[in-house]
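This report refers to the structure that appears directly beneath it.
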Amino acid sequence: MSGPALAAAVLRAEFGGAPPAPPCRGPVLVTDSFSCAPLFFPGGSIGDLAVNGTANGLAVAGAAPRSVSARFAVEMGFPVAELRRVARAVVAAAAAAGVRIAAGGASVVERGRVHGCAIDTTGVGATAGAHRLGAARARTGDEVLISGPVGDHGIGVALGAGVVSDTAPLHGLVAAVLAATPGVRVLRDVTGGGVAAALDEIARAAAVRVLLERAAVPVRPEVRRAAELLDTDPLHAACAGRLLVVVDPREAAAALAAMRAHPQGPAAARIGHLADPATGPAA
């Protein structure tokens with residue numbers, strides 16, 4: 001697990017270690033920080049990552065994103081033209097995601113603190129409180145679903161060409177899945193550390209093991225080839241627009257059908273299930 005992914009997992013475990021809260025209606029708040037190198041890459045930019053990542057954090061909590069604030073940490077000497085370009089990317093991503101930019105700000109930091117600029121965000125969403133979601137709610141026997149091919153973002157950024165990032169807002173897809181079945185227990189937007197990190201977090205939180213069917217995990221041929229050249233595993237490569245769903249096995253077919261019927265999920269697949277940790281090592 002990478003440094004940022006490990007840090008995020010530790011914080012989620014420590015801040016979210018209490019039993020899942022009962023469903024509640026009202027506002028939901030998330031906060032996050034985004035940095036990347038390069039700032040612009042095939043299929044997106046740091047602006048897309050910041051807006052979509054914040055919206056997705058709300059979505060997997062069961063909330064419809066409403067607004068985002070963005071604070072820029074700008075490296076001393078960073079070209080003004082590039083700062084404008086990043087700001088425009090944030091505005092465009094917010095418009096595409098259907099969220100409002102509620103506030104913004106900036107500070108200048110010494111050289112080397114960030115790669116050009118970084119973006120801290122806060123997102124506000126609203127939930128009807130119909131679902132209880134959380135990694136600790138996963139149970140033995142639950143099915144694991146993924147919304148599409150994995151590794152596109154991490155491999156695309158590493159290569160700089162040939163593979164397009166999958167960065168996208170996921171709240172429309174999440175709404176479709178939650179409307180289709182009450183059996184969803186966990187939602188995760190797969191980010192740094194890839195599918196492997198997301199599943200590891202769920203397994204630890206719920207005290208289960210994951211039986212992963214590697215052949216069932218969708219990976220684009222160009223991503224698989226590039227991963228071999230880069231000596232990495234697509235399961236560990238970052239995504240920026242993929243939804244991981246853990247669902248009651250009795251509701252898995254309905255959830256998968258809802259994902260495949262949505263424009264963001266035609267390649268959705270069942271990739272494994274959860275098992276009792278006492279029965280053997282994870283696959």
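The values are calculated or read from the model by the stated rules, or taken from the named source; none is laboratory data. This one's a predicted model, so the numbers in the text were calculated from it and none came from an experiment. With ideal geometry, Cβ positions are generated from the backbone for all residues, glycine too; neighbour counts draw on all protein chains shown. Calculation scope for accessible area: heavy atoms of the full protein, side chains included, ligands and nucleic acids excluded. Shrake-Rupley method; radii C 1.70, N 1.55, O 1.52, S 1.80 Å.
Structure summary
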| item | result |
| --- | --- |
| Count of residues meeting criterion [open to solvent by 30 Å² or more (accessible area, probe 1.4 Å) and over 22 Å from R88 (Cα atoms)] in the range 117-139 | 9 |
| Cβ pairs under 9 Å, 6+ apart, first in the range 31-47 and under 18 Å from G57 (Cβ atoms), second open to solvent by 20 Å² or more (accessible area, probe 1.4 Å) and charged (D, E, K, R) | T31/D120; D32/D120; S33/D120; F34/D120; G47/R85; G47/R88 |
| Given (1) closer than 23 Å to P169 by Cβ; (2) surrounded by 18 or more Cβ atoms within 10 Å (Cβ to Cβ), number of the condition P218 does not satisfy | (2) |
| Those residues of the range 140-164 which are part of a loop (DSSP other than H, G, I, E, B) and crowded, with 24+ Cβ neighbours inside 10 Å, in sequence order | D142, S147, V150, G151, V163 |
| Residues that are of a type outside the set (G, A, S) and either surrounded by 12 or more Cβ atoms within 10 Å (Cβ to Cβ) or closer than 21 Å to F40 by Cα (or both), drawn from the range 101-116 | I101, V108, V109, R111, R113, V114, H115 |
| The range 168-200, subset among the charged types (D, E, K, R) and within 11 Å of the chain's Cα centre (by Cα), residue nearest to F34 (Cα to Cα) | D189 |
| Residues satisfying the stated conditions in the range 98-151, i.e. under 18 Å from R66 (Cβ atoms) and polar (S, T, N, Q) | T121, T122, T127 |
| Every pair of residues 6+ apart whose Cβ atoms lie under 6 Å, when the first sits in the range 83-106 and is of a type outside the set (V, I, T) while the second is assigned to a helix (DSSP H, G or I) | A89/G47; A93/G47; A93/D48; A93/V51; A94/V51; A97/V51; A97/A55 |
| Output for the range 87-105, where each listed residue is assigned to a helix (DSSP H, G or I) and among the aliphatic types (A, V, I, L, M) | A87, A89, V90, V91, A92, A93, A94, A95, A96, A97 |
| Per-region count, the range 247-267, residues touching a Gly at 6+ places or on another chain (Cβ under 6 Å) and part of a helix (DSSP H, G or I) | 3 |
| Failed item, numbered, when E222 is tested on (1) of a type outside the set (F, W, Y); (2) assigned to a strand (DSSP E or B); (3) over 14 Å from L187 (Cβ atoms) | (2) |
| Filter result (more than 18 Å from V28 (Cβ to Cβ), touching a residue at least 60 places away in the same chain (Cβ under 8 Å) and open to solvent by less than 30 Å² (accessible area, probe 1.4 Å)) within the range 177-193 | T181, G183, G193 |
| Flag for V80 being without any contact (Cβ under 8 Å) to a residue 12 or more places away in the chain, over 21 Å from the mean Cα position of the chain (by Cα) and on the phi < 0 side of the Ramachandran plot | yes |
| G105, sole failed condition from (1) closer than 14 Å to A240 by Cβ; (2) at pLDDT below 95 | (1) |
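Each row is one residue, and each column tells you yes or no for (1) at pLDDT 95 or above; (2) open to solvent by 10 Å² or more (accessible area, probe 1.4 Å).
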position	(1), (2)
S33	yes, yes
G43	no, yes
I46	yes, no
A50	yes, no
N56	yes, no
G62	no, yes
R66	yes, yes
A70	yes, yes
E75	yes, yes
